[in-house]
Amino acid sequence: MIKDFVKGLWRENPVFVQVLGMCPTLAVTTKALFGLSMGMATTFVVVSSSMVIAAIRKFVPEQVRIPIFTVIIATFVTAADYFLKANFFQISKALGPYVPLIVVNCIILGRAEAFASKNGIRRSILDALGMGIGFTSALIVLGSVREILGAGTIFGVRIMGEHFTNWIVMVLPAGAFITLGLLVGLFNIADKKFKDKRQRVKR
């Protein structure tokens, strides 16, 4: 079962491998905190919805499974959205419409259809948790790089010297595309080296 959890962290990482959820990935990662917040909200939704879907999967008619899955996901998205608005209003305001749009996030509906609807509760929770943490980690890394270069800070704490010139492009949409492209490239290089090393060890 540990494989169900680990695959989302690396081998099937939603951002760096499957390239899913690009809308929030590119839009909200101007700061590491925003990436963390979006990732945690998405993780809550994917874990909660996967757990419920796995629990009721045998009772859901095949013909209406997608609408039912969508309603379940929307319920948890609404809960996450209201929680952020009530307790972290500034973060909720910064994330804008991207929290409600978690409903149509390919990662969540994909895990519901491909895994939770076919497996038990325990495996579905592990799968969803791995995907959620993998997604969150990718958003934090992307947000951290953009925040450091774009503002000289990370999680609001200044780490660059006073003479550092902010890279304005990093807080713009172009910076998101550039950073994501470089990170995906680095991820693929690291993954290839890891696979080559494993093959050499097996020999």
Through the Karplus equation 6.51 cos²θ - 1.76 cosθ + 1.60, θ set to phi - 60°, convert the phi angles of region 144-161 into ³J(HN,Hα) values in whole Hz; use x for Gly and Pro.
5, 4, 5, 5, 4, 7, x, 9, x, 10, 9, 6, x, 9, 6, 10, 8, x
Taking H placed 1.01 Å from N in the peptide plane, check which residues at least 5 places from Ile154 or on another chain put their amide H under 5 Å from its amide H.
Ile159
Could you tell me which of Gln199, Val145, Thr75 has its Cα farthest along the dipole of the chain towards the positive end, charges placed at Cβ (Lys, Arg +1; Asp, Glu -1), taken about the Cα centre?
Gln199
Could you give the nm distance between label points at Leu172 and Lys58, where each point is 7 Å from its Cα heading toward the beta carbon?
5.7 nm
In what sequence, highest mean first, do 39-50, 186-197 appear when ranked by Cβ atoms within 10 angstrom?
39-50, 186-197
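Kindly rank 167-175, 66-74 from highest to lowest mean number of other beta carbons found within 10 Å of each residue. If you can, show how the numbers build up before the last one.
On the way: 167-175: 15.1, 66-74: 17.1.
Ranked from most to least packed, the peptides come out as 66-74, 167-175.
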Count of Lys pairs (Cα-Cα under 22 Å; at least 8 positions apart or interchain) in the chain:
18
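Provide the FRET efficiency to the nearest 0.05 for the Val201-Lys3 pair, computing r from the beta carbons and using R0 = 22 Å. Show your work: numbers first, answer last.
Details: r = 18 Å, r/R0 = 0.84.
Rounded to the nearest 0.05, the efficiency is 0.75.
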Rounded to the nearest 0.05, what FRET efficiency do Asn87 and Arg158 give with R0 = 35 Å and r taken as the Cβ-Cβ distance? Could you check?
0.85
Which residue, Val184, Val145, Val77, has the most motion in a Gaussian network model of the chain that connects Cα atoms within less than 10 Å?
Val184
Treat region 93-189 as a sphere of radius equal to its Kirkwood radius over Cα pairs and apply Stokes-Einstein at 10 °C in a medium of 1.306 mPa s; give the translational diffusion coefficient in µm²/s, rounded to a whole number.
101 µm²/s
Residue with peak Gaussian network fluctuation, the chain [Cα springs, cutoff 10 Å], from Phe164, Phe115, Phe76:
Phe164
Scalar couplings 3J(HN,Hα) for region 119-128 by Karplus 6.51 cos²θ - 1.76 cosθ + 1.60 (θ = phi - 60°), nearest whole Hz, x for Gly and Pro, are 9, x, 5, 4, 5, 5, 5, 4, 4, 5
Which number do you get for Rg(Cα) / (2.2 N^0.38 Å) in the chain?
1.10
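Once every DSSP H run of n ≥ 4 in the chain is given -39500 (n - 2.57) and the sum is divided by its residues, what mean residue ellipticity at 222 nm do you get, rounded to the nearest 500 deg cm²/dmol? The partial results should precede the final answer.
Values: 8 runs with 133 residues, N = 203.
Computed mean residue ellipticity for the chain: -22000 deg cm²/dmol.
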With each pseudo-label sitting 7 Å past Cα toward Cβ, what's the Phe194-Cys23 distance in nm, one decimal?
2.9 nm
Just Thr78, Thr30, Thr136 to compare: in a GNM of the chain, with alpha carbon springs under 10 Å, which one fluctuates most?
Thr78
Explain nothing, just compute: Karplus ³J(HN,Hα) = 6.51 cos²θ - 1.76 cosθ + 1.60, θ = phi - 60°, for every residue of region 41-46 in order, whole Hz, x for Gly and Pro.
5, 5, 4, 4, 5, 5
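Please state the charge dipole magnitude for region 2-202, taken about the Cα centre, from unit charges on C-beta atoms (+1 on K and R, -1 on D and E), reported in debye and rounded to the nearest 20. Intermediate values should be presented prior to the final figure.
Details: 22 positive and 10 negative charges, 166 e Å.
Dipole magnitude for region 2-202 comes out near 800 debye.
Values quoted throughout were computed directly from the atomic coordinates according to the rules given, and no laboratory measurement underlies them. Everything numeric in this text was worked out from a predicted model, so none of it was measured. Quick reminder, even Gly has a Cβ in these numbers, built from the backbone with ideal geometry, and neighbours come from all protein chains shown.
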